[in-house]
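Reviewing the structure listed below.
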Amino acid sequence: MSEEKIIKEKDPWFSPRNFKLLKNPLNLENPVTVQVLGICSALAVTVQMKPAIVMALSVTVVTAFSNLIIALIRDTIPSRIRIIVQLVVVAALVIIVDQLLKAYVYDVSKKLSVFVGLIITNCILMGRLEAFAMANKPWPSFIDGIGNGLGYGAILVIIAFFRELLGSGKIYGFDVIPKAFYEAGYVNNGLMILPPMALMTIGVIIWIQRSKNPVLQEDN
Amino acid sequence: MEHSNKYIFIYSVVMVVVIAISLTIVAVQLKPAQEDNIRIEKMQNILSSVNVTTKGIPKMQVMEMYKKYVIRAFAVNNKGEVVESNTDKVFPIEMAAELKKPAEQQLLPVFVAVLDNKDTAFIVPLRGKGLWGPVWGYLSLKTDYNTIVGCMYDHKGETPGLGAEINTEIFQKPFFGKKIFDDQKNLTSINIIKGGAKPDDIHGVDAISGGTITSKGVERMLRDNLTGYEAYFKKQIK
């Protein structure tokens, strides 16, 4: 992967290269649909839009700041315990995010329940720390973290949009399907609320994405 | 780059200490806000059991509403004696902890609310088991300690669309007006009937299709919790 080349020379803050770090994870290097990481929480927290958005922001904050912190101290980390150091940094950030959610958005934090804590085990985080932050300067690492968090979050929000719309007839908690539809016999699809349909939705997203981007198709 | 063992040890110790200190500071700073949230949620649940909706109302106003409606609280034991009459001490009682104690040591809270129509209602907390985890709720009774004014149920992680429906109006509405004692003053509690309750059944409501175990869990929760209050209620009815 091109982005893993060590960036050596001095770049302006929003150079094209840095911008690419932000943009690539949204499509061609998307952590969920291309690298198939972080699927577990993508299934669990996408029944409604609001928890999905909060989860997306939480993951973005954690990836961005863990990347930043690890990149800042990357030269001091003894290589033999580097995974432990990464884990401790991630765990500390996740606990802080979890505490903040409990204090300021209590109802959402109840819905996210264990999945905030499980951000620690989200493969995207460790993947970015090992592959990028250990070898790059703080600023590109920070952007890379934001990019990957948003890439993950974008998929989460798309899935949540369809699951909430088809499963509960709502978008972000507001009713959008007119009453007349229900009177005419329309029924919310209860299957959309269950986790398997999140997997199906991811499948459809991957299908659409691959058919639009021939680069992603493997040759048989 | 290879580091000496000494460097690795010192590095780990410093890292752990720095992180421990920062986490402690965060936890201590946020504790009051978190505890407020838990208290306010309890107030919202109690108010919702007497059909006062607090949806979309800011935190501080929920506290004022609670003070307006719930005038006092006391706790009874399973022999029907009032053992704690200090409202402030009754509020923090957690049923999850009380139910683990032997029956005779349990403190069973009763909240007294005055509704908009000047009726008094007695609210009792409930706690039980659903299919996947705990279910809980509040049940409010008229001054005859028999007729249900309202109720609220909630759950930790029942199946969405099935057992999870216990926190919806569709499941809770049919409880209103039902009775927990029969004519001979025996506790019948409320039966949650699979396949639907008969329209004239004053002790029964419909179960949730596909949510049988959760429905049974709510039924058992009602019976178990109300049994503790039975002695006190009977004393009052006389």
**OP:** Could you please find all residues in segment A:80-92 being surrounded by 22 or more Cβ atoms within 10 Å (Cβ to Cβ) and either within 17 Å of the chain's Cα centre (by Cα) or modelled with pLDDT under 90 (or both)?
**Re:** A:Val90
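Report yes if B:Ser12 is in contact with a Pro (Cβ under 9 Å, 6 or more places away or on another chain) and more than 19 Å from B:Phe111 (Cβ to Cβ), otherwise no.
On the way: in contact with a Pro (Cβ under 9 Å, 6 or more places away or on another chain): yes; more than 19 Å from B:Phe111 (Cβ to Cβ): yes.
Considered against the rule, which asks whether it is in contact with a Pro (Cβ under 9 Å, 6 or more places away or on another chain) and more than 19 Å from B:Phe111 (Cβ to Cβ), B:Ser12 comes out as yes.
Yes/no per residue for (1) away from chain A (no Cβ under 11 Å); (2) modelled with pLDDT of 95 or more:
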{"residue": "B:Glu2", "(1), (2)": "no, no"}
{"residue": "B:Asn5", "(1), (2)": "no, no"}
{"residue": "B:Ile21", "(1), (2)": "no, yes"}
{"residue": "B:Asp36", "(1), (2)": "no, no"}
{"residue": "B:Lys42", "(1), (2)": "yes, no"}
{"residue": "B:Val62", "(1), (2)": "yes, no"}
**OP:** Scan A:Ile77, A:Ile70, A:Ile95, A:Ile158 and give me the residue that is surrounded by 17 or more Cβ atoms within 10 Å (Cβ to Cβ) and more than 13 Å from chain B (Cβ to nearest Cβ).
**Re:** A:Ile158
Original post:
Out of (1) touching a helix residue (DSSP H, G or I) at 6+ places or on another chain (Cβ under 8 Å); (2) outside any helix (DSSP H, G or I), what's the single condition that is false for A:Asn148?
Top reply: (2)
**OP:** Among residues belonging to segment A:188-207 that are touching a residue at least 60 places away in the same chain (Cβ under 8 Å) and within 10 Å of another protein chain (Cβ to nearest Cβ), point out the one that is nearest to A:Thr33 (Cα to Cα).
**Re:** A:Pro195
**OP:** Mind checking which strands (runs of 3 or more DSSP E) fall wholly inside segment B:67-148 and carry at least 2 residues that are open to solvent by less than 10 Å² (accessible area, probe 1.4 Å)?
**Re:** B:70-76, B:108-114, B:120-129, B:134-141
**OP:** From the list A:Glu164, A:Glu183, pick out the single residue that is surrounded by 15 or more Cβ atoms within 10 Å (Cβ to Cβ) and farther than 30 Å from A:Leu21 by Cα.
**Re:** A:Glu164
Original post:
Restricting attention to segment B:158-209, which residues are touching a helix residue (DSSP H, G or I) at 6+ places or on another chain (Cβ under 8 Å) and acidic (Asp, Glu)?
Top reply: B:Glu158, B:Glu165, B:Asp206
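The values are calculated or read from the model by the stated rules, or taken from the named source; none is laboratory data. Because the structure is a prediction, the values reported are computed rather than measured. Every residue, glycine as well, gets a Cβ built from its backbone with ideal geometry; the counts of neighbours run over all protein chains shown. Just so you know, the surface numbers come from the protein's heavy atoms only, side chains and all, with ligands and any DNA or RNA stripped out. Shrake-Rupley method; radii C 1.70, N 1.55, O 1.52, S 1.80 Å.
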